[in-house]
1. Just want to confirm a number: the relative contact order over the chain, from Cα pairs under 8 angstrom separated by 6+ residues, in percent.
2. Can you compute 3J(HN,Hα) from phi for each residue in the stretch 531-537, using the Karplus curve 6.51 cos²θ - 1.76 cosθ + 1.60 with θ = phi - 60°, rounded to whole Hz and x for Gly and Pro?
3. Please tell me the relative contact order of the stretch 436-584 in percent, rounded to the nearest whole number, where contacts are Cα pairs under 8 Å and at least six residues apart.
4. Under a point spin-label approximation (7 Å from Cα along Cα-to-Cβ), what is the residue 525-residue 449 distance to one decimal in nm?
5. Specify whether the C-alpha gyration tensor of the chain places it in the rounded, prolate or oblate class, a ≥ b ≥ c being the square roots of the eigenvalues: rounded for a/c under 1.5, otherwise prolate if a/b is larger than b/c and oblate if not.
6. Among 562, 609, 586, whose Cα lies farthest out toward the positive end of the dipole of the stretch 514-640, if unit charges sit on the beta carbon of Lys, Arg (+1) and Asp, Glu (-1)?
7. Output wanted: per-residue J couplings in Hz (rounded whole) for the stretch 502-511, from phi through Karplus 6.51 cos²θ - 1.76 cosθ + 1.60, θ = phi - 60°, x for Gly and Pro.
8. Mind putting a number on the dipole of the stretch 452-572 about its Cα centre? Charges go on the C-beta only, +1 for Lys and Arg and -1 for Asp and Glu, and I need it in Debye to the nearest 20.
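No value in this document is a laboratory result; all are computed from the given coordinates. Not measured: the values here are computed from a predicted model. Neighbour counts are summed over all protein chains in view; Cβ atoms, including those assigned to glycine, are modelled from backbone coordinates with ideal geometry.
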Amino acid sequence: MITEFGHFALILAFVVACVQAVVPMIGAHKRWPGWMAVAEPAATAQFLLVALSFGALMHAFITSDFSLRLVVMNSHSAKPLLYKISGVWGNHEGSMLLWVLILSLFGAMAAWFGGNLPPTLRARVLSVQAAVGVAFFAFILFTSNPFLRLAVPPFDGQDLNPLLQDPGLAFHPPFLYLGYVGLSICFSFAVAALIEGRVDAAWGRWVRPWTLLSWVFLTIGIALGSWWAYYELGWGGFWFWDPVENASFMPWLLAAALLHSAIVVEKREALKSWTILLAILAFGFSLIGTFIVRSGVLTSVHAFATDPQRGVFILGILVFFTGGALTLYAARAGVMQAKGVFGIVSRESALVVNNILLAVACFVVFTGTLWPLVAEMLFGRKLSVGAPFFNMAFTPFMVLLGLILPIGGMISWKRGKLGRVMRQLVPALVLAVALAGLVWAMQTGRSLMGPIGVFLGTWLVAGSITDLLSRIGQSRDWRRLARLPRADWGKAVAHAGLGVTMLGIAGLMAWEEEDIRVAQVKQPFTVGAFELELLGVERVQGPNYFSDMGEVSLRRDGAEVAHLYPEKRSYPVAGMPTTEAAIDNGFLRDVYVVLGDAQAGGGWTMRVYVKPLANWIWGGAILMAIGGALSLSDRRFRVAAGARKAAPAQGVPAE
């Protein structure tokens, strides 16, 4: 009964979305307040109905209702409760229901917190958001219904993919979707502004918090996915340039560009056309990511579905919304003339360079991701584009971005003085060069990646600190730091976080040590500065798996550091093995141990890595997310605060 209730709620939400997509848009065009007023309650009702539907599906997973096909395919009665819950979105149909839940949530939030937006703009934003919802409701109900019943329910389910039975993957998809789908509201603001024929500083204030919120969630989601790949897949890397990894990374790059571009619209009423285009493309790349994950055109360990029919449907959604928005963009180009002027040396120019680097970097990732598909279609050749291409083509743009960020963050608006900024940054530059030189001297004969990474990371962190200190003036009244706007703190923390991540990536890739061998029980061996000894391997049983668990003693300079327990797990229901790495985490390094197969002559295959600064990668991502949250908490950048100042001056524009 609860399942049928959830299905009915989803159908009703589809009907409400159809009404919300049409009635407020007509009301805004005709200036009918009653019709425009339909948008707010419809957005709330749509969200509540989808939440009820999602709750019904979650109830089926928690109670192991094996009359539901989706539960049979992705759950098992012996599975721990956390993975029964995460199983709701650990599949194609459930993840799409999560998608529309978040889509309707952002629409409802725009209704709840957008009370000071001009009525016509608010109605159009909510109408466009509902139109996107209509497309995805249709996709779910007609091709991916999560509430299909089985005529003869089995005694038990087929279990969830063992790779997804992990805390990191339990929380990774919701955060990633909050970022992915959150960009839909930026898209709706852009399309509504194009229809309205007005893009001004107030619009920039309204769109920035939504972009920032989406970017923060994307940052957390990507970091969780990278962390999961690091410790769960057993290959020891944090980023493989997998198509699905790239599918989440491309919207992140464009969202970062949009966030910085919207600043120029708000402050100077410049870059209007470019900012609108970025808002369209950021959500467009989210749809491209959805297409890659669910169409089967590119293979990936993260892919949800390989159904061409579903892929064609999503491709149709992508073409309709992105193509339609770009067509409208071309038609309305004349209404987005820039008002502000600025010099070559100015913060506006630095933000333009920032945008160009991020956009081109995104294009590089896009080209490398889709080139194997293009080569197969056009030339009949199967190609693989891997890490060497991406590292060579993508890294230079990040190096340039790292070089200009401290300067761009401190230079004045409209017309700045480069010499003055560089004088303030001299201590940061000296520190960065000194540390890079020290690293170069210590690692003579090795790669340049280490020194360059240390220089960039130090430059960004020290530059962010210099930026904060410059705002308290020569008086050095430290109490003024506490009174700085949260947005200033947020910018500094986020930029410093990027520097910490760069330090971590450079350290791990430049100085990693690797050892692969057949380890004999009770026979110590050395990797780098560490001595390891396999003490034994025993067979253990988990809730829904069996495991060969090793016990490894880790010592340094004769003193025991830790006992590590790497595993090789076997899930009998799913019929799939997994590798559980054992990691001794440290501030400056990780020791990473992977247990392989037993050997006929005795001993076990074992891989050991010493990974310098590995945790700095995710520590930097956490700092970036904290910086975004700090900026978001600044009252100047909340939608209502920005709109309240602008609302009295806003009139209803002529059509």
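1. On the way: 1216 pairs, mean separation 82.9, N = 655.
Relative CO of the chain lands at 13 percent.
2. 10, 10, 9, 7, 7, x, 9
3. On the way: 208 pairs, mean separation 21.7, N = 149.
Relative contact order comes out at 15 percent.
4. With each label point 7 Å from Cα toward Cβ, the separation is 2.4 nm.
5. Numbers: a/c = 2.07, a/b = 1.14, b/c = 1.80.
Oblate.
6. It is 586.
7. In residue order, the calculated couplings are 4, 4, x, 5, 5, x, 5, 7, 8, 10 Hz.
8. On the way: 14 positive and 15 negative charges, 186 e Å.
It works out to roughly 900 debye.
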